[in-house]
Amino acid sequence: MSYKFVDKREDVSTKSKLFARFVKRSLKGELFVGLWVVLREMLFGKSHTLMYPMEKMQLSPRYRAVHKLMKFVESENERCIGCGLCEKICVSNCISMQTKVSEDGHKVVENYSINLGRCVYCGFCADVCPELAIVHTDEYELACEQRAYFGFKNDLLSKDVKTQTEFDGFGSLHKNADDFIKKTPNAYEISAQNEQEGAKNESK
C-alpha cells in the first residue's frame, strides 16, 4: 500500500502571498452581509439604545425584582400574618422573620429582613405566601458596596396604600383572577336568584 502526502498549507513564503491569504480569509461575503445589517439598522431602523437613567427598561409583569410587602387597602394593615412559610421555603436562606404576640393576643411580625445580596430571586417566597403579602416589583436597580445588603421591613413595606398599585407582578393575583376561580354551589344559586329577580323587575 502506497501513501500520498498532501500538504494543504498555503505558500506564504513572500509578503505578496501572505497578503493574498489575508485578503482571501478576511474579505468574504458573510462579512459584507453583517456590515449591511448594521448599516441598515443604523440608518433606517429604530434606535435600540435607552437614554439611561432618564429612560428605564419596560419589564414584563412576571419579572422577579426587589421584593415588596403589601398592605390591605381597606384597613391599611399589613397583609403578612407571620406564618413563616417564605422563610422556610427560601432556597438561599436569606429571609429572616421575628414574630411576637401582641397585647390583644394576635401574632404580629416584629421584624422582617431579606439579604438581597444573597437572594437568587427564584420567586418561591411570593408563590407560597397565603396572603399575597410579599410580591416582586419591577425595581431592578440594586447596587451596593458590600456583598451582604439587607432590606428590612420598613424598607420593603408599602408606604401608602393610596399609591399602592395591584399589578400583575410575580406573586400577585392576575387582574382577571376571578374568572379562573370556580364558584361555590351557593354562589351559583345566589346569581340565579338575582337573575330571576332582575327579570321580574324588568317585566313589571
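Table for the structure above
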| read-out | value |
| --- | --- |
| Residues within region 32-49 that are open to solvent by less than 80 Å² (accessible area, probe 1.4 Å) and modelled with pLDDT under 85, tallied | 1 |
| Residue, surrounded by the fewest Cβ atoms within 10 Å (Cβ to Cβ), within region 106-129, restricted to residues that are closer than 14 Å to residue 92 by Cβ and β-branched (Val, Ile, Thr) | 120 |
| Matching residues, region 133-144, being open to solvent by 90 Å² or more (accessible area, probe 1.4 Å) and either in contact (Cβ under 8 Å) with a residue 40 or more places away in the chain or in contact with a His (Cβ under 6 Å, 6 or more places away or on another chain) (or both) | 138, 139 |
| So residue 102, is it at pLDDT below 90 and open to solvent by less than 80 Å² (accessible area, probe 1.4 Å) | yes |
| Whichever residue in region 50-63 is of a type in the set (A, V, I, L, M) and under 20 Å from the mean Cα position of the chain (by Cα) and, among such residues, is surrounded by the fewest Cβ atoms within 10 Å (Cβ to Cβ) | 57 |
| Breaking point among (1) open to solvent by 100 Å² or more (accessible area, probe 1.4 Å); (2) under 21 Å from the mean Cα position of the chain (by Cα), for residue 66 | (1) |
| Qualifying positions in region 145-165 - farther than 12 Å from residue 71 by Cα and either open to solvent by 100 Å² or more (accessible area, probe 1.4 Å) or free of Cβ contacts under 8 Å to residues at least 24 places away in the same chain (or both) | 145, 146, 147, 154, 155 |
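The values are calculated or read from the model by the stated rules, or taken from the named source; none is laboratory data. If you're wondering where the values come from, they're calculated on a predicted model, not measured in any experiment. Cβ coordinates were reconstructed from backbone atoms using ideal geometry, including for glycine residues, and neighbour counts include every protein chain displayed. To get the accessible areas, we keep the full protein, side chains included, count just its heavy atoms, and leave off ligands, DNA and RNA. Shrake-Rupley method; radii C 1.70, N 1.55, O 1.52, S 1.80 Å.
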